[in-house]
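> Would you mind keeping the following structure in view while I ask a few things?
The values are calculated or read from the model by the stated rules, or taken from the named source; none is laboratory data. These numbers come from a predicted model, not from an experiment. When we count neighbours, we look across all protein chains shown, and the Cβ atoms used for this are built from the backbone with ideal geometry, even at glycine. For accessibility, only protein heavy atoms count, side chains too; no ligands or nucleic acids. Shrake-Rupley method; radii C 1.70, N 1.55, O 1.52, S 1.80 Å.
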Amino acid sequence: MRLSSLFRRSMLLAAVAVGTLASSATAQATGGISGTVTRSDDGSPLGGVIVRVMGTQITTNTNPSGRFTLQRIPTGPQTIRFTWLGYGPREFQVEITAGGMATVDAKLEPLPVHLAEVMVSGASRAPERVTEAPSAITQVDPRILRTTSITGQAPLALRNVPGVDLAQSGVTDFNVNARGFNSSLNRRVLTLQDGRDLAIAFLGAQEWNTLTMPTEDFTKMEFVSGPGSALYGANAYSGVLDITTPTAREAKGTKLTVGGGALGGPSGGWDGGSPASFRADLRHAGVFGEGRFGYRLNLGYSQTDTWSRSRTLRDSTSLQKEYADATDSSVAKARAEVRPLLGQTADPTTGEVSGDRDPITSMYGSARFDYYAANGAVGTVEGGVASVANEVFVTGIGRVQVTGASRPWARLNWADNRFNIMAYWNGRRTGDPQYSLASGAPLLETSDIFHLEGQGNESFSDGRGRIVYGASARNIRLDTDTTLMIGRDDNRSDYYYAGFAQFSWDLTDKARFVLAGRVDLGTLIDPQFSPKMALVLTPSEKHSIRFTVNRAFQTPNYSEYFLRAQASVANLSLLEAGLRASALGPALAGVPNGQLFACTTVGPTCTKTSSNVPGMARGNGKLQVETNTGYEVGYRGDLSDRFFISVDAYVNRLGNFVTDLLPGVNPAFKFWTSPTAVPAPFRGTLEGTVRSILLSNPATRTAGLGLTRQEDGNTAIVLSYSNAGSATQWGTDIGAGFHFTDELTGSAGFSWFDYSVNTDELAAGDKLLANTPEFRYTGALNYAGRQGLDLGASFRASTGFPWAAGVFAGWIEPGFTLDATAGYRITNNLRVFLTGNNVLNEQWFSVYGGSVNGRRIMAGATATF
């Protein structure tokens, strides 16, 4: 059976299964619950409290007035649980009658957060207490999600998560990594939203300004550190970012957030004069049909100036001048880019730019429709699209500016307590070309990802044992109109299949054993087995110790497999002239002057010349996956009622690295061959002489290794990828939380990282660096008063380190950034706020070759109805 036919049949079976399950769930009698949640000390209403019917998928949040309503609850005795950060949970037993509406009013007592009360799902793909999780996992504080939201920079919510490394280039371009070996285009952290992989098909990385929901509307954001392929498969290499969004009944009502501000520039003032940032987010949700159905709509728009600068100066000093105020280290000249940023023009002689840069813009819209079955299951149909323009990304071959791209998507889901069936589609369309700023080449992408997945879980032996299992199928279709791939590789369709399971068993009431494994296979990779084993000890409810061994892998992206892009131009006319003047001159008599380093068959039909030999970045279709085997030990504990700590230590063994673009490493491109016009007896001598001359001069060594002929017979200097190198990395991540009072909390974090590289396994010319600081420090202080005032301050500091990725290599200076937030709830329905990132306006860059970043201040208001 053809793979495409199998995939279509799988999608059809999933749709039939969802319909059957929905039909079977409609006959059960149901009732409802309503009530109000307030503080126990002063009776003030509590908005955002999670109200859940235990043992079901039925949940909602209280509105700003503290009120809630839940419908479609199965009849009989039910347990209702109320939880919210900073308050002690409460449970009530309620008898639900057919067609009735029970009333439950809850008073929550302000209490410090205890780790044993924090529930997570990312470590096992099923709910569990964070102290029982078999992986290092952190749940982001909802208050951080709220204060980050107006920036449109979702990764900033992770800035104080232990072990997370944020490399930022530009306002919305981030590389999120954990535990070392970051890059200018990092793909080592798998990012999921409601189970949907958010990565771009061609590059495999995130496009963070295409999210179709602000962070304040996330139900939960969890970060799982360390290898995670046993449950999540490819690219869960150093971590998993798991984002959950609310159902319609969890978000009932209307919310509008509007804000604006500006960027701080190198001079210390505002960069660009007038307010340079604006953002608006609108959400509306409701239920109807006696609680059977719900809907949620999200709309948003943002516009901001950029820290990116044109680098077109013909004397190649653009990067030096841009980095002058951000580093004390020397900055080498970098080859001038041929294309300025959109909105600007470059002088053809000097490269000086004029005009204003076009702003970065993003528009999004999404809609969700839920069906709430009588047995508590939820069926979902949702979709959306984001349209973005003008952001600049740093890639291995240089910077690329997105003129305009759209990211449509859709998702179907049926979720019950014991199983989940999901299908989704992600698309990307470059309506306007992206442009390589180094070469000026237009780059196009039309891609679609179709994914089908089913997951189940079962408990047995009176709850002592549990198994989570599932399988998935994925089809990726990609067409670059030969702007990024050669014709034979372009317009392709690839398939991936996987099956996974995790078994856990309570050896005693204080010891839990976990065993997991996953098999992945596909069109472009050999079958991969990813095992995991963990032992979790809980000597008391407040303390746990974890031992974990697991494996992960990362697939090469389509660029590394199949890239074809011009990165430079070389002039070999002087070399040709020297050869003609040598003893080999008579052998070149049949080659027209200027065509020695051109076409295989020279003559009038050859339009290439030796003075214009392209430097080509080419992929390698024979690449293998990178691997990561991790050994971890962790501790979680409440040391007192107001102080908790987490400590995670790890050793990872990494292998089969995909190299940077290097000459001569791809066996598909042999050394250059003579034109057919050169007599056969002289060809070997000519080729050896050319190679010897080029290799003898350091300035032409790259050409000596990479000079070749491409598939069309034309001469090129090819740089490509290979698998080479292994490394061992080790380190410790520490996080701590303090509750000074019920209103004042603090946190601190520390990460130490080190590594060693097996240099004997490196490819010639490769420079394998971790691109990660040895030490990172974080701290935060937050106040949330009863009168509606909230204040926050946080810092992030790191030591300096060397950086090498693609065409950019240099030194990253030690960094320190201070963020501050303030908000005031004027009424239950209106809050005003002020958010400042890097408020001291430190000039810094965390990606060598990326932008110099500064301050950003945003002010606004949120109204709920």
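> Ordered by residue, what ³J(HN,Hα) values in Hz, to whole numbers, does segment 773-787 give under the Karplus form 6.51 cos²θ - 1.76 cosθ + 1.60, where θ = phi - 60° and Gly and Pro are x?
Result, rounded to whole Hz: x, 5, 10, 10, 10, 9, x, 8, 9, 9, 10, 10, x, 5, 7.
> I've got another one for you. By how many nm would the segment from residue 671 to residue 477 lengthen if fully extended, with 0.36 nm per residue of separation less the alpha-carbon distance?
Net length gain for the segment: 66.5 nm.
> Can I ask one more? Using every pair of alpha-carbon atoms in segment 617-727, split the distances into 10 Å bins beginning at 0 and state the percent of pairs per bin, rounded to integers.
Going out from 0 Å in 10 Å bins, segment 617-727 shows 12, 27, 21, 14, 10, 8, 5, 2, 1 percent.
> Heavy-atom accessible area of residue 313 with all protein chains present, probe 1.4 Å, nearest 10 Å²?
20
> Karplus couplings for segment 127-138 from phi (6.51 cos²θ - 1.76 cosθ + 1.60, θ = phi - 60°), rounded to Hz, Gly and Pro as x?
Values per residue, Gly and Pro as x: x, 6, 6, 4, 6, 9, 5, x, 9, 6, 9, 10 Hz.
> Counting pairs of alpha carbon atoms under 8 Å apart in space and at least six apart in sequence, what relative contact order in percent does segment 579-665 give?
Reported relative contact order: 20 percent.
> Between residue 563 and residues 5 or more places away or on another chain, which pairs have amide H atoms under 5 Å apart, with H built 1.01 Å from N, and which residues are they?
619, 620
> Consider just the alpha-carbon atoms of segment 84-238 and return their Rg together with their Dmax, both in angstrom.
Rg and Dmax of segment 84-238, Cα atoms, are 18.3, 58 Å.
> Relative contact order (percent) for segment 684-781, with alpha-carbon contacts under 8 angstrom and 6 or more residues of separation?
21
> Here is a further query. In Å and on Cα atoms, what radius of gyration and Dmax does segment 116-196 show?
13.7, 39
> Rounded if a/c is under 1.5, else prolate if a/b is larger than b/c, else oblate: which is segment 120-165, with a ≥ b ≥ c the root eigenvalues of its Cα gyration tensor?
Prolate.
> Which percent, nearest 5, of DSSP beta bridges in the chain are antiparallel?
Roughly 95 percent of the beta bridges in the chain run antiparallel, per DSSP.
> Just going by the charge dipole of segment 604-734, with Lys and Arg at +1 and Asp and Glu at -1 on Cβ, which of 726, 633, 707 is farthest out on the positive end?
707
> Continuing with this model, one more query. Can you list which of the trypsin sites (Lys or Arg not before Pro) found in segment 748-794 are DSSP loop residues with at most 12 other C-beta atoms within 10 Å?
Passing sites in segment 748-794 are 786.
> Sum -39500 (n - 2.57) across every DSSP H segment of at least 4 residues in the chain, then divide by the residue count to get the 222 nm mean residue ellipticity, nearest 500.
Helix-only estimate at 222 nm: -2500 deg cm²/dmol.
> Quick check: convex hull over the Cα atoms of segment 588-642, volume per residue in Å³, rounded to an integer?
Dividing the Cα hull volume of segment 588-642 by its residues yields 234 Å³.
> Keeping all protein chains in place and using 1.4 angstrom, which order do 515, 342 fall into by accessible surface area, from largest down?
515, 342
> Of 510/542; 333/622; 510/532; 333/767, which ones are farther than 23 Å apart at the Cα?
Pairs exceeding 23 Å: 333/622.
> Could you list which residues have their amide H under 5 Å from that of residue 766, counting only those 5 or more apart in sequence or on another chain, with H placed in the peptide plane?
Counting only residues 5 or more places away or on other chains, the set is empty.
> Could you derive backbone 3J(HN,Hα) for segment 256-262 from the dihedral phi with the Karplus parameters 6.51, -1.76 and 1.60 (θ = phi - 60°), listing whole Hz in sequence and x where the residue is Gly or Pro?
Taking θ as phi minus 60°, the curve returns 10, 10, 9, x, x, x, 7 Hz for segment 256-262.
> Can you list the trypsin sites (Lys or Arg not before Pro) in segment 299-358 that are in a DSSP coil and have 16 or fewer other beta carbons within 10 angstrom?
Sites meeting the loop and neighbour criteria: 314, 333, 335.
> Do you know the relative contact order of the chain, to the nearest whole percent, from alpha carbon pairs under 8 angstrom that are 6+ apart?
Averaging sequence separation for qualifying contacts and normalising by length gives 11 percent for the chain.
> Any idea what diffusion coefficient segment 390-542 gets from Stokes-Einstein, in µm²/s, Kirkwood Rh on alpha carbon pairs, 4 °C, 1.567 mPa s?
So the translational diffusion coefficient is about 68 µm²/s.
> Among (1) 91, 80, 55; (2) 101, 64, 49; (3) 94, 70, 53, which is the computed Cα extents along the principal axes in Å?
Matching entry in (1) 91, 80, 55; (2) 101, 64, 49; (3) 94, 70, 53: (2).
> Using amide H atoms built in the peptide plane, which far-off residues or other-chain residues are under 5 Å from residue 847 H to H?
So residue 847 has HN proximity to 168.
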